[in-house]
């Protein structure tokens with residue numbers, strides 16, 4: 001095992017500094033003095049009595065210590081010592097010249113013991129040795145850490161770029177490993193061709209694009225696409241995050257931008273990948289106080305390097321963000337980011353391709369249908385689907401199975417969307433009320449033609465929900481009709497309607513709180529954004545918000561109080577209509593609801609196909625002409 005020199009030196013330097021000050025305080029404050037010999041005088045004498053003995057010429061010898069403040073004297077007093085000299089200790093006020101002269105006049109043996117200046121030696125050691133050790137330690141620390149990326153030695157080079165550099169980026173990701181974003185791949189494959197065979201485009205007068213901005217929600221594969229470009233291009237590759245440009249020191253970010261592009265120009269043609277560019281590329285002058293000067297200086301330097309006076313021929317910049325709305329307009333213009341590639345959530349075909357990629361190293365049972373999984377997971381991104389199959393694999397290992405089955409896939413979807421499975425409900429009034437609530441959602445959604453089909457109804461708690469009703473969209477459509485929105489509102493209110501019809505108004509619970517928030521939001525958008533009300537085709541609210549203050553903190557009314565009152569009335573009317581429709585469906589189908597509730601309490605989970613078969617025995621289920629996978 002290699003000795004951790006770096007850690008040892010980091011601990012040694014503070015210890016040396018602390019030891020230096022302790023040494024100075026202990027040995028270099030007062031020089032040491034010569035002390036009287038131990039056990040030479042066990043008797044003390046006052047200074048006044050010493051003067052009496054001196055006047056009577058009974059003192060034969062005086063030894064002065066501590067600069068004349070302590071004396072050891074030999075006294076001859078026949079009454080006390082019997083004629084033998086006695087050594088006693090006297091605390092002196094000091095040795096004045098008159099006192100010394102008096103001793104000499106009486107021919108008294110005088111010996112002065114000077115102070116030993118041992119503190120000077122220790123002070124010399126403290127002032128020389130410790131600074132030498134400290135400087136030596138710092139020298140070795142910076143020498144070692146300068147050769148380590150991100151080490152403390154870089155404290156002397158704040159302005160240097162922290163971009164990871166590879167002559168040939170072996171990321172392990174190629175375009176074949178990226179699925180579900182075919183349009184984005186086509187755009188980026190063209191960039192790779194620009195780098196490999198530029199003559200194909202320059203022959204007809206085309207120029208290499210300077211920048212490509214990848215835009216899309218989190219988890220859609222923006223960073224993976226950048227890795228694939230690096231793996232395919234075979235040119236020098238720089239990768240850095242936008243947050244690594246900005247530091248607490250003024251001017252560091254701009255210096256790092258200059259250093260990054262300097263290195264890139266030395267290795268052109270090359271690629272620069274800036275992840276999360278919104279950390280440094282936000283709009284200038286936005287927010288309270290005009291923004292952050294250091295960040296704006298960094299952005300100004302980035303704009304200049306991308307398309308300034310000198311230019312950056314042969315350098316292609318690829319950036320990724322999930323917040324294009326906050327980026328500065330100067331950053332998005334042609335000549336800087338010539339192309340904006342949208343990397344959106346995949347459709348059903350894209351999800352199937354992604355599942356095929358992530359299922360390569362998974363052991364799936366024969367009955368597992370990736371197409372059924374793709375249909376059941378609308379809105380899932382590539383990261384969500386990878387996590388889904390990983391969770392299914394974990395559940396399979398936990399249950400000691402040899403292959404992943406649809407049961408594990410089903411439980412993994414529930415876990416990813418709703419959370420961990422909770423403690424099963426105990427039989428009682430609460431469980432029956434929750435069962436009626438969930439069956440109310442399902443029965444209204446099943447009997448409304450424009451509603452999504454039911455996939456599963458369960459009383460197994462997950463996350464904060466005590467029961468769940470799953471609806472499965474049959475197609476990925478970005479457009480939603482007014483009848484679909486009305487049906488979804490009625491389906492969301494079906495649980496509250498069932499509580500009201502079965503248990504009465506006094507027994508209505510708080511379980512519909514989330515449903516009411518969802519319905520109110522949908523109704524307000526129908527009125528203010530989609531023009532689906534009696535107010536007419538008007539958009540009464542803009543979707544733009546403050547960049548730094550947040551979307552909801554600062555709200556400016558763009559209509560009069562009269563219009564606001566009419567909006568509130570229209571929202572209430574839409575919700576009331578949907579609620580009355582849900583109550584009507586519940587009342588007309590009370591028999592089938594009671595049977596479904598008893599079955600749900602007994603089994604705790606009813607899948608969509610079984611649910612529709614039971615409902616068809618009592619009433620006519622609308623033919624929605626949608627594919628319902630057998631999960």
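The values are calculated or read from the model by the stated rules, or taken from the named source; none is laboratory data. Here the structure is a predicted model, which means the values were calculated and not measured. Note that each Cβ is placed from the backbone with ideal geometry, even for glycine, and that neighbours are counted across all protein chains shown.
Restricting to region 343-383, name every residue that is assigned to a loop (DSSP other than H, G, I, E, B) and free of Cβ contacts under 8 Å to residues at least 60 places away in the same chain.
359, 360, 361, 362, 363, 365, 366, 367, 368, 377, 379, 380
Consider residue 209 carefully, then state whether it is touching a strand residue (DSSP E or B) at 6+ places or on another chain (Cβ under 7 Å), within 20 Å of residue 339 (Cα to Cα) and not in a helix (DSSP H, G or I). So that I can check it myself, show each step before the final result.
On the way: touching a strand residue (DSSP E or B) at 6+ places or on another chain (Cβ under 7 Å): yes; within 20 Å of residue 339 (Cα to Cα): yes; not in a helix (DSSP H, G or I): yes.
Yes.
Do we have residue 222 as modelled with pLDDT under 65 and either closer than 22 Å to residue 335 by Cα or in contact with a helix residue (DSSP H, G or I) (Cβ under 6 Å, 6 or more places away or on another chain) (or both) here?
no
Out of region 470-502, which residues are assigned to a helix (DSSP H, G or I) and either surrounded by fewer than 16 Cβ atoms within 10 Å (Cβ to Cβ) or not assigned by TED's automatic domain parsing to the domain that holds residue 597 (or both)?
482, 483
Condition check ((1) out of contact with any helix residue (DSSP H, G or I) (no Cβ under 9 Å at 6 or more places or on another chain); (2) modelled with pLDDT of 70 or more; (3) in a helix (DSSP H, G or I)) across all residues:
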site	(1), (2), (3)
24	no, no, yes
32	no, no, no
35	no, no, no
50	yes, yes, yes
53	yes, yes, yes
79	yes, no, yes
83	yes, no, no
101	yes, yes, yes
104	yes, yes, yes
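Restricted to region 469-483, and to residues that are at pLDDT 85 or above and within 34 Å of the chain's Cα centre (by Cα), which residue is farthest from residue 600 (Cα to Cα)?
The residue in question is 471.
Taking the stated definitions as given, is residue 214 under 18 Å from residue 281 (Cα atoms) and either surrounded by fewer than 20 Cβ atoms within 10 Å (Cβ to Cβ) or touching a strand residue (DSSP E or B) at 6+ places or on another chain (Cβ under 7 Å) (or both)?
Yes: the conditions hold for residue 214.
Just name the residue that is modelled with the lowest pLDDT out of those in region 556-581 that are surrounded by fewer than 11 Cβ atoms within 10 Å (Cβ to Cβ) and either more than 26 Å from residue 515 (Cα to Cα) or outside the structural domain of residue 440 (by TED's automatic domain parsing) (or both).
If we filter region 556-581 for residues that are surrounded by fewer than 11 Cβ atoms within 10 Å (Cβ to Cβ), which is where we start, we get 556-557, 560-562, 565.
If we keep only those that are either more than 26 Å from residue 515 (Cα to Cα) or outside the structural domain of residue 440 (by TED's automatic domain parsing) (or both) too, we end up with 556-557, 560-562.
Details: 556: 53, 557: 61, 560: 83, 561: 87, 562: 88.
Looking at the filtered set, the residue picked out is 556.
Quick test for you: out of 439, 457, pick the one residue that is under 22 Å from residue 368 (Cα atoms) and touching a helix residue (DSSP H, G or I) at 6+ places or on another chain (Cβ under 9 Å). Working first, answer last.
Numbers: 439 fails: under 22 Å from residue 368 (Cα atoms).
Within the list 439, 457, the selection yields 457.
Can you tell me which residue among 434, 394 is surrounded by fewer than 18 Cβ atoms within 10 Å (Cβ to Cβ) and in contact with a helix residue (DSSP H, G or I) (Cβ under 9 Å, 6 or more places away or on another chain)? Before the answer, list the steps.
Details: 434 fails: surrounded by fewer than 18 Cβ atoms within 10 Å (Cβ to Cβ).
After applying the criteria, what remains is 394.
Conditions (1) under 30 Å from residue 223 (Cβ atoms); (2) buried (at least 22 other Cβ atoms within 10 Å of the Cβ); (3) in the same structural domain as residue 612 (by TED's automatic domain parsing); (4) under 30 Å from the mean Cα position of the chain (by Cα), marked per residue:
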{"position": "364", "(1), (2), (3), (4)": "yes, no, no, no"}
{"position": "378", "(1), (2), (3), (4)": "yes, no, no, yes"}
{"position": "402", "(1), (2), (3), (4)": "no, no, no, no"}
{"position": "467", "(1), (2), (3), (4)": "no, yes, yes, no"}
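Can you pull out the residues in region 417-464 that are under 17 Å from residue 518 (Cβ atoms), in a helix (DSSP H, G or I) and at pLDDT below 90?
Those that are under 17 Å from residue 518 (Cβ atoms), in a helix (DSSP H, G or I) and at pLDDT below 90: 417, 418.
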